[in-house]
1. So for the pair Leu190, Glu25, with labels modelled 7 Å out along Cα→Cβ, what separation do we get in nm?
2. Would you compute, from DSSP H runs of 4+ residues alone, the mean residue ellipticity of the chain at 222 nm, taking -39500 (n - 2.57) per run and dividing by the full residue count, rounded to the nearest 500?
3. Rank these for me by crowding, Tyr67, Tyr252, Tyr6, going from fewest to most other beta carbons within 10 Å.
4. What nm value, rounded to one decimal, do you get for the distance between Arg14 and Arg234 when each label is placed 7 Å out toward the C-beta?
5. R0 = 25 Å: FRET efficiency of Leu129 with Ser227, Cβ-based, nearest 0.05?
6. Please compute the net charge surrounding Ala213, taking Lys and Arg as +1 and Asp and Glu as -1 over other residues with Cβ under 11 Å from its Cβ.
7. Take every DSSP beta bridge whose two residues both sit in the range 129-253, then give the antiparallel share in percent to the nearest 5.
8. Working out 0.36 nm times the residue gap between Thr140 and Asn79, then minus their Cα-Cα distance, what length gain in nm do you get to one decimal?
Amino acid sequence: MLTHRYDGEAVSRRPDHLIVEEPLEVHLDGVLVATTMRTPGHDFELAAGLCFTDGLLGGAPVRQCKYCGTGSAVDSEFNVVTVDTGGRAPTPTPRLSVTSSACGMCGTTAVDELRERLHPLPARSPVPLDVLAALPETVTGDQPLFDETGAVHAAVAFDRRGEPVLAREDIGRHNAVDKVVGRLVLDGSLPAHDLGLWVSGRAGFEIVQKAWAAGFGTVVAVSAPSSLAVSAARLAGITLCGFARGGRLNVYTGIEA
């Protein structure tokens, strides 16, 4: 589209690229479990990852993902995805509201729910801090949509050497994480104990919760974590880092005082 650009002296017209944002309905075995605003692309990964990180699969394998399980994908404009476990997943509770970054419950309840559903991650050797601090430069090439629009978040799974293994982008930071996790779910590559997770924004509770569910032992964020995210990371045994910029970072959990 064309936009008007003011450069401090004059106004000019110039083309600009905008990221697409559309709703995605996610169904699990025919039941609507979430509606999320997302950037179209890697929709099956997003749907599978969301079902996994929200604990809806209950250990059941994903048999297939498909657009609009009850009709034409064209009719639904490719905005409805069904995750099929053949009825092996627990019967989900229908969710009618749009997914947001808010957990919808108090912090104590949220952490208690995770404690009941997930177990602390196994002990492992920490990734060297110099490797973690270098991640922002290492993953720069894995954000083409951000380079073009400046309007999306990225999530990158990386190995112990800090090398990117899998990267996804989305207008929602939680969606980007779910796309990474969903790819690993569909590839049968979870738990991700040998991988870490880098995110381009802040590390809120939801990001740590998803990382914990997937088995990531390290989470590195460009911006700050929340207090609830730190509590969840400490409970999980996750090394949580924030403000990873310019070769520096803050370590909130994972280093004993």
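1. Result for the modelled spin labels: 2.4 nm.
2. Mean residue ellipticity at 222 nm (helix-derived): -8000 deg cm²/dmol.
3. Going from least to most buried by this count: Tyr6, Tyr67, Tyr252.
4. 4.7 nm
5. According to the calculation, E is roughly 0.65.
6. Charge balance near Ala213 sits at -1.
7. Taking every DSSP beta bridge within the range 129-253, about 65 percent pair in antiparallel fashion.
8. 19.0 nm
Read the figures in this text as sums done on the coordinates, not as results from a lab. Remember, it's a predicted structure, so these values are computed and weren't measured experimentally. Quick reminder, even Gly has a Cβ in these numbers, built from the backbone with ideal geometry, and neighbours come from all protein chains shown.
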